[in-house]
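First up is the structure itself, then whatever we jot down about it.
The values are calculated or read from the model by the stated rules, or taken from the named source; none is laboratory data. Remember, predicted model here, so these are calculated numbers, not experimental data. A quick note on method: Cβ atoms are made from the backbone with ideal geometry, for glycine too, and the neighbour counts reach across all protein chains shown. The protein model used for the area step is the full one, side chains on, heavy atoms only, and it has no ligands, DNA or RNA in it. Shrake-Rupley method; radii C 1.70, N 1.55, O 1.52, S 1.80 Å.
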Amino acid sequence: MELTVPSFGESITEVLISEWLVDEGGKVAQDANLVVIETDKITSEVPAPTDCVVKRILKAAGETATVGEAIAELEELPAGSVDAEPAPGGEAAPAEAAPAAATPPAAEARVMPAAARLAAESGVDASGVKGTGPGNRVLKEDVQRALEAPAAAAEAPAPAAPAGARAEERVRMTPLRKKVAQHLLEAQHNAALLTTFNEVDMSGVMALRKQVQEQFQAAHGVKLGIMSFFVKAAVEALKAFPAVNARIDGDEIVYRDYFDIGVAVGGGKGLVVPILRDAERLSFAGVEKAIGDFAARAKDNKLTLEELSGGTFSISNGGIYGNLLSTPIVNAPQSAILGLHAIQDRAVVVDGQIVVRPMMYIAMSYDHRLIDGREAVTFLRRIKSGVEDPTRILLEI
């Protein structure tokens, strides 16, 4: 039988074969994962349709394939003849023939065949390499990074490179990186983008979080963070300025009476923007739980295509990386994005006195074809006032 690329939605026609979890000749149980596939939005594992042996791999790791294309040839085996977990190297011994003492440790079972080969050739202990693949599997790239890291180097210093030595390496762009590049170009070419800036005194939020953090966490099982305040403030500002929540479609403006907020999080393959659907209906705890869940699953590339599609407005927090100020790029076809930055103690003037306050710069990039400068500035001031006085958010004023 043939193993073909499954459909990931109408908008996805091409995928990247990221990693084969079983080598040619390897046996695998039904529903055990065979291969990791990347699209421009998600990373997904494709399971075996039945107990089988991989007779031939048609598309190697790093190659692209189209939806419906055959990527491997499989040979069906009698049901129940293969262990659920394949042994290292892709080979799984029959259950009745595998003595208990020969069962490999869990850490070894997570080392992918290509990674195991490279580790053996390079003298690297693969069990000590941190895996970044699905389920914390150790990929070939992880072993390569370990080889390049100082901690993985031999105790003796490496011989000095020849004077003037220069090297280049060509690496195929992942579907996610290609899509990001495409979106950035589309945003620049198809919209009249401008950015307006302001700064927020975070004293009120910081004080409120300190006051209720213990009770909040006990009641909801999650910490009260910064992002929920901005999500709630953004919803109230979007209600007041419908154009910011709208989009242009040809010569028409599409207004939405719902608020699907995209929140950028760092994923295993790069920055992704899962969507908080109907954010206006979520409580502070609901927002925090959803963001925490998105962040955890993004690291393991477990977000679904549906969770990454759509959105009416986006928020990106570069402050978690220490970024002090930046110009975010609108996520087309949305019309605006809010950029958050690092909180920094600064001297400011309050009631004629110089005081030290925790301040954050915020930026809003917007499509000037739809949103006027006055609207953009007023919108950002609305968010500023809501965050500086959290009671306004709670009272929806």
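Return the total of residues in the range 25-58 being charged (D, E, K, R), closer than 27 Å to residue 171 by Cα and at pLDDT 90 or above.
Of all residues in the range 25-58, those charged (D, E, K, R) come to 27, 31, 38, 40-41, 45, 51, 55-56.
Checking which are closer than 27 Å to residue 171 by Cα leaves us with 38, 40-41, 45, 56.
Okay, now just the ones that are also at pLDDT 90 or above, so 56.
Adding up the residues that qualify gives 1.
Just one of the numbered conditions (1) of a type in the set (S, T, N, Q); (2) within 14 Å of residue 379 (Cα to Cα); (3) out of contact with any Phe, Trp or Tyr (no Cβ under 9 Å at 6 or more places or on another chain) is not true of residue 217; which one?
(2)
Scanning the range 310-325 for residues that are over 17 Å from the mean Cα position of the chain (by Cα) and buried (at least 17 other Cβ atoms within 10 Å of the Cβ), which turns out farthest from residue 194 (Cα to Cα)?
My answer is 312.
For residue 205, state whether it is in a helix (DSSP H, G or I), surrounded by 14 or more Cβ atoms within 10 Å (Cβ to Cβ), touching a helix residue (DSSP H, G or I) at 6+ places or on another chain (Cβ under 6 Å) and β-branched (Val, Ile, Thr).
yes
May I ask you to list the residues in the range 346-369 that are within 20 Å of residue 329 (Cα to Cα), of a type outside the set (Lys, Arg) and surrounded by fewer than 18 Cβ atoms within 10 Å (Cβ to Cβ)? Spell out how you get there, then give the answer.
First, pick out the residues of the range 346-369 that are within 20 Å of residue 329 (Cα to Cα): 360-369.
Narrowing further to those that are of a type outside the set (Lys, Arg): 360-368.
Passing the criteria: only 368.
Go through (1) surrounded by 20 or more Cβ atoms within 10 Å (Cβ to Cβ); (2) within 15 Å of residue 69 (Cβ to Cβ); (3) modelled with pLDDT of 90 or more; (4) not hydroxyl-bearing (Ser, Thr, Tyr) and name the single condition residue 2 misses.
Looking at each condition in turn, residue 2 falls short on (1).
Output the number of residues of the range 49-60 satisfying the condition of being part of a loop (DSSP other than H, G, I, E, B) and surrounded by 19 or more Cβ atoms within 10 Å (Cβ to Cβ).
Residues of the range 49-60 part of a loop (DSSP other than H, G, I, E, B): 49-51, 58-60.
Remaining after also requiring surrounded by 19 or more Cβ atoms within 10 Å (Cβ to Cβ): 51, 59.
The qualifying residues number 2.
I'm checking my understanding of the structure. Among residues of the range 183-202 that are in a helix (DSSP H, G or I) and surrounded by 12 or more Cβ atoms within 10 Å (Cβ to Cβ), which one is modelled with the lowest pLDDT?
Restricting attention to the range 183-202, the residues satisfying the condition of being in a helix (DSSP H, G or I) are 183-190.
After this cut, where a residue has to be surrounded by 12 or more Cβ atoms within 10 Å (Cβ to Cβ) as well, the list is 183-184, 186-188, 190.
Values: 183: 69, 184: 72, 186: 74, 187: 72, 188: 76, 190: 79.
Looking at residues that are in a helix (DSSP H, G or I) and surrounded by 12 or more Cβ atoms within 10 Å (Cβ to Cβ), I get 183.
Which one is nearest to residue 136 (Cα to Cα), of the residues in the range 298-309 that are without any contact (Cβ under 8 Å) to a residue 40 or more places away in the chain and touching a strand residue (DSSP E or B) at 6+ places or on another chain (Cβ under 7 Å)? Even if it seems obvious, please write down each step before you answer.
Residues of the range 298-309 that are without any contact (Cβ under 8 Å) to a residue 40 or more places away in the chain, as a first pass: 298-299, 306-307.
Then drop every residue that is not touching a strand residue (DSSP E or B) at 6+ places or on another chain (Cβ under 7 Å), which leaves 298-299, 307.
On the way: 298: 13, 299: 10, 307: 22 Å.
Step by step, filter the range 298-309, then rank; the result is 299.
Which one of the conditions (1) outside any strand (DSSP E or B); (2) within 20 Å of residue 365 (Cα to Cα); (3) in contact with a Phe, Trp or Tyr (Cβ under 6 Å, 6 or more places away or on another chain) does residue 224 fail to meet, given that it meets all the rest?
Going through (1) outside any strand (DSSP E or B); (2) within 20 Å of residue 365 (Cα to Cα); (3) in contact with a Phe, Trp or Tyr (Cβ under 6 Å, 6 or more places away or on another chain) one by one, residue 224 breaks only (2).
State all residues of the range 32-48 that are of a type in the set (A, V, I, L, M, F, W, C) and surrounded by 20 or more Cβ atoms within 10 Å (Cβ to Cβ); if no residue qualifies, say none.
Step one: list which residues in the range 32-48 are of a type in the set (A, V, I, L, M, F, W, C), which gives 32, 34-37, 42, 46, 48.
Matches in the range 32-48: 32, 34, 35, 36, 37, 42, 48.
What about residue 140, is it modelled with pLDDT under 75, closer than 30 Å to residue 13 by Cα and open to solvent by 90 Å² or more (accessible area, probe 1.4 Å)? Explain how you work it out, then say what you get.
On the way: modelled with pLDDT under 75: yes; closer than 30 Å to residue 13 by Cα: yes; open to solvent by 90 Å² or more (accessible area, probe 1.4 Å): no.
Taking the combined requirement at face value, the residue does not satisfy it.
Looking at 383, 337, can you tell me which residue is under 28 Å from the mean Cα position of the chain (by Cα), of a type in the set (A, V, I, L, M), at pLDDT 95 or above and closer than 19 Å to residue 253 by Cα? So that I can check it myself, show each step before the final result.
Numbers: 383 fails: closer than 19 Å to residue 253 by Cα.
The unique qualifying residue is 337.
Residue by residue, here is whether (1) closer than 28 Å to residue 184 by Cβ; (2) in contact (Cβ under 8 Å) with a residue 24 or more places away in the chain holds:
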position: 206; (1), (2): no, yes
position: 231; (1), (2): yes, yes
position: 236; (1), (2): no, yes
position: 247; (1), (2): yes, yes
position: 257; (1), (2): no, no
position: 262; (1), (2): yes, yes
position: 289; (1), (2): no, yes
position: 296; (1), (2): yes, no
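Name the pairs: first residue in the range 357-372 and within 16 Å of residue 324 (Cβ to Cβ), second residue surrounded by fewer than 21 Cβ atoms within 10 Å (Cβ to Cβ) and of a type in the set (Phe, Trp, Tyr), Cβ to Cβ under 6 Å, at least 6 apart or on different chains?
363/197
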